[in-house]
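The structure under discussion appears below in the form of C-alpha cells.
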Amino acid sequence: MKQHAKKILRLSAGWGLMVMAIIGWLLPVIPGWFFFIMGVLILDIPFFHRQIFWLLNQFPKLAQKPAFRRWQQKNLPCKKSNNGGQNPLK
C-alpha cells in the first residue's frame, strides 16, 4: 500500500511540474524549461535517459551532485549508445 501511495505521489508531482512547464512556456514570468526538466526527472521517462547522460557528460560538475548520482545509480544504461550500452558516467 505504501509503494502504491508513493507511486501516485510521484506521478502527481511529475505531471504537475509538466503542467507548470506548459504554463511557463505561455507566460514569460515563469521559467518553463526548469519545470520541464524537473518533471522529466521525477517521471523518469526512458526517452530522456540518453539526453540526461549526454548532459551529465557535458557538465561533469553537475554529475557530482548527490541527486544526479542517485538517479544515475537507479537507472539502467541507455540501450542506444555509441559505447555498447555502458553508462557514460562510470
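The values are calculated or read from the model by the stated rules, or taken from the named source; none is laboratory data. The model shown is predicted, which means the values in this text are computed figures rather than measured ones. Don't worry about glycine lacking a Cβ; one is built from the backbone with ideal geometry, like all the others, and counts go over all protein chains shown.
Brief remarks follow.
- Of residues in region 53-69 being polar (S, T, N, Q) and outside any loop (DSSP other than H, G, I, E, B), the one surrounded by the fewest Cβ atoms within 10 Å (Cβ to Cβ): Gln58
- Scanning region 44-87 for residues that are modelled with pLDDT under 65 and under 22 Å from Leu9 (Cβ atoms) gives a single hit, Asn75.
- Matching residues in region 1-52 - criterion: being within 20 Å of Ala67 (Cα to Cα) and not in a helix (DSSP H, G or I): Asp44, Ile45
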